[in-house]
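A.B. asks: Have a look at the structure that comes next, please.
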Amino acid sequence: MLPFTLLSVLLTVMGSATAHPKPMPCSTNAERLKRGLPVRSPSRKALYNAALRIRADPSEAVTFAYSGGVNQYTIPADGYYGFVVQGGEGGASTGGTNALGGTAAQVNTTLYVTSGTTLDIVVGGKAADLRTYGGAGGGGSSVYTSSDFDLLVAAGGGGGGEIAYPNYYAGGDAKADLSSTAGSGTQDGGAAGGTNGQGGSSYNGPQGGGGGAGFLGNGGSSTGVSSGTGGISKPNWTGGTSFDTNANGGFGGGGGGGAASGGSGGGYSGGGSGGRFGAGGGGSNFASVAGLDTVVTIGHRGNGVVIITPLPGVA
């Protein structure tokens with residue numbers, strides 16, 4: 001038999017546990033309603049994570065390949081949409097050893113867009129390669145609202161390569177981040193890239209390449225002989241003309257190549273053209289501050305592409 005004092009302690013503890021049970025945490029809103037507590041709304045991040053756990057149906061993805069014109073897409077329903085936006089590669093100067101064109105950027109982001117919003121889709125084109133002259137710049141790709149030109153996403157194009165025997169200069173790659181300043185051209189007199197959405201500058205001399213277009217302005221044009229012109233911004237997005245008219249700048253505002261200077265890539269801000277016997281700079285990128293988990297990569301070659309995918313499970 002337990003001593004009286006020990007038995008009393010045990011009975012006291014058991015009685016206390018029975019009379020005052022430890023409250024259980026409410027893990028669901030149903031439990032909170034039963035207990036008269038306010039419901040909790042899921043955080044924006046929680047909604048996004050829930051969407052990622054549900055695999056998007058590939059058939060729901062809408063792909064816009066390069067076409068040389070501006071396309072439109074109307075958002076079918078309120079919700080989160082994944083955007084993959086790639087720019088166009090710069091043109092190479094291929095005489096002897098290749099002076100390759102710069103690679104384009106790819107921007108991935110997720111944005112909430114409301115039903116009925118119409119988007120303009122610009123898919124940047126790869127600039128054609130040339131045998132002896134400066135390559136032209138690749139076009140930038142962008143997605144923005146048709147009604148008020150509210151930019152959602154933009155990916156820069158690559159700069160054009162240039163040959164200066166015995167040297168070969170590859171075009172500048174698009175920027176690898178969301179910096180608002182585009183790449184500058186190489187060699188003596190290389191022009192500065194645009195900043196904050198403006199077009200890139202051009203080489204101030206003969207045979208210079210054209211600057212790449214930015215979202216807010218055209219690229220600069222060299223005034224010397226045998227030069228390329230700057231890429232054109234919205235709404236037309238045409239590439240600049242090159243000294244060799246068979247290889248103009250890529251659609252999406254790529255700058256044209258000069259006889260001795262590479263053109264520049266289009267983008268959020270346009271790249272600067274190459275200096276005397278220099279290569280063009282790559283364009284810069286943009287993603288709305290409302291975007292979730294935005295990632296920028298470079299290394300894309302060929303024409304650009306834009307892919308828009310609704311994320312199921314998030315309304």
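A.B. asks: Please list, ordered by chain and number, the residues whose modelled amide H lies under 5 Å from the amide H of T117; skip anything fewer than 5 residues away on the same chain.
C.D. replies: I75
A.B. asks: Normalised by the empirical 2.2 N^0.38 Å for globular proteins, what value does the Cα Rg of the stretch 89-207 take?
C.D. replies: 1.20
A.B. asks: Where both partners of a DSSP beta bridge lie in the stretch 61-315, what percent of those bridges are antiparallel, to the nearest 5?
C.D. replies: For the stretch 61-315, the DSSP antiparallel bridge percentage is about 95.
A.B. asks: Which order do peptides 203-213, 277-287, 185-195, 133-143 fall in by mean Cβ count within 10 Å, highest first?
C.D. replies: Values: 203-213: 34.5, 277-287: 37.3, 185-195: 24.9, 133-143: 41.7.
Ranking, from highest mean packing down: 133-143, 277-287, 203-213, 185-195.
A.B. asks: Determine, for F251, F149, the number of other Cβ atoms within 10 Å of each Cβ, and report the residues in order from fewest to most.
C.D. replies: The order, fewest Cβ neighbours first, is F149, F251.
A.B. asks: With a ≥ b ≥ c taken as the square roots of the eigenvalues of the C-alpha gyration tensor of the stretch 183-229, please select rounded if a/c is under 1.5 and otherwise prolate if a/b is larger than b/c or oblate if it is not?
C.D. replies: oblate
Here, each number is a calculation from the coordinates, and none is a lab measurement. Small disclaimer: the values here were computed from a predicted structure and weren't measured. Please note: Cβ atoms are built from the backbone with ideal geometry, for glycine as well, and neighbour counts cover all protein chains shown.
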